[in-house]
Amino acid sequence: MREFLADAQEYLPILLQGVQLTVLITLASLVVSTLLGLVWAVMRVSGIAVLAGFSAVMINILRGIPIIVQLFYIYFVMPDFGLSLTAVQAAIIGLGIAYSAYQAENFRAGIEAVDRGQVEAALSIGMGWGMTMRRVILPQAIRIALPPYGNIMIMMLKDSSQASTITVAELALQGKLIASSTFKNTSVYTMVALMYLALSLPLILLVRHLEAKGRHR
């Protein structure tokens, strides 16, 4: 225990630098995935066959390709087409695009859970489809989708470690570099695990709160 505390004092500042990148990638990719996922979901339920079909195809493609392959493609392949991104930018865009498929299915389920009677009532009083979506459907759908949205946040936090495969020095890679140079695998990876847990616990409690609130509504 004494040795672990000494190692923690020495390596914690370096690992905290990785935490900053982990949080940045998670939050930025969450924004990208939320916005893009909402677009896919709205297209899917639009009733326009071309848009719905295109959205369904894109969602299936994104869910069928591993995240790590998508990151490799964006970071290593896209420069061949004239689009060069930094590793952090590629990680944010890659994770955001990959998770937009899961966000889309979450939002679609929320939209389809809204009572059809409310939609028909809104249309009957002259609201267009766009206004009905903005004022009637989305506010309710977002509330329904919040608990699974929290679970997606937790998954994205943990999957941000995949950014290490394209040289982003986030928490997982910082831990790997320290462990490989010091051979203190037990201390370093224990610290990494505890730091991921510390980041995840608030989200886990938030999801539990949202689920409990949903049950009592």
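The values are calculated or read from the model by the stated rules, or taken from the named source; none is laboratory data. Small disclaimer: the values here were computed from a predicted structure and weren't measured. Please note: Cβ atoms are built from the backbone with ideal geometry, for glycine as well, and neighbour counts cover all protein chains shown. The accessibility values were calculated without ligands, DNA or RNA, using every heavy atom of the protein model including side chains. Shrake-Rupley method; radii C 1.70, N 1.55, O 1.52, S 1.80 Å.
Only one residue in 141, 179 is open to solvent by less than 20 Å² (accessible area, probe 1.4 Å), more than 16 Å from the chain's Cα centre (by Cα) and at pLDDT below 90, so which one is that?
After ruling out the rest, the residue left standing is 141.
Being more than 17 Å from the chain's Cα centre (by Cα), small (Gly, Ala, Ser) and not in a helix (DSSP H, G or I): is that true of residue 55 here?
No, not satisfied.
Name the single residue, out of those in the stretch 89-117 being at pLDDT 95 or above and among the β-branched types (Val, Ile, Thr), that is surrounded by the most Cβ atoms within 10 Å (Cβ to Cβ).
92
Given the residues 45, 57, 31, which is the only one that is in contact (Cβ under 8 Å) with a residue 12 or more places away in the chain, loosely packed, with under 14 Cβ neighbours inside 10 Å and under 18 Å from residue 106 (Cα atoms)?
31
Specify which of the listed residues (4, 54) is modelled with pLDDT of 95 or more and more than 20 Å from residue 154 (Cβ to Cβ).
Result of the check over 4, 54: 54.
One line per residue, one yes/no per condition, for (1) within 22 Å of residue 21 (Cβ to Cβ); (2) crowded, with 18+ Cβ neighbours inside 10 Å; (3) not aliphatic (A, V, I, L, M):
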residue: 147; (1), (2), (3): no, yes, yes
residue: 160; (1), (2), (3): yes, yes, yes
residue: 163; (1), (2), (3): yes, yes, no
residue: 171; (1), (2), (3): yes, yes, no
residue: 175; (1), (2), (3): yes, yes, yes
residue: 190; (1), (2), (3): yes, no, yes
residue: 205; (1), (2), (3): no, no, no
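All but one of (1) part of a helix (DSSP H, G or I); (2) over 12 Å from residue 103 (Cα atoms) hold for residue 47, so report the exception by its number.
Against the list (1) part of a helix (DSSP H, G or I); (2) over 12 Å from residue 103 (Cα atoms), residue 47 comes up short only on (1).
Looking at residue 127 and the list (1) open to solvent by less than 30 Å² (accessible area, probe 1.4 Å); (2) over 21 Å from the mean Cα position of the chain (by Cα); (3) of a type outside the set (Phe, Trp, Tyr), which single condition is not satisfied?
The number of the failed condition is (1).
Given (1) surrounded by 14 or more Cβ atoms within 10 Å (Cβ to Cβ); (2) farther than 30 Å from residue 128 by Cα, where does residue 2 come up short, assuming only one miss?
(1)
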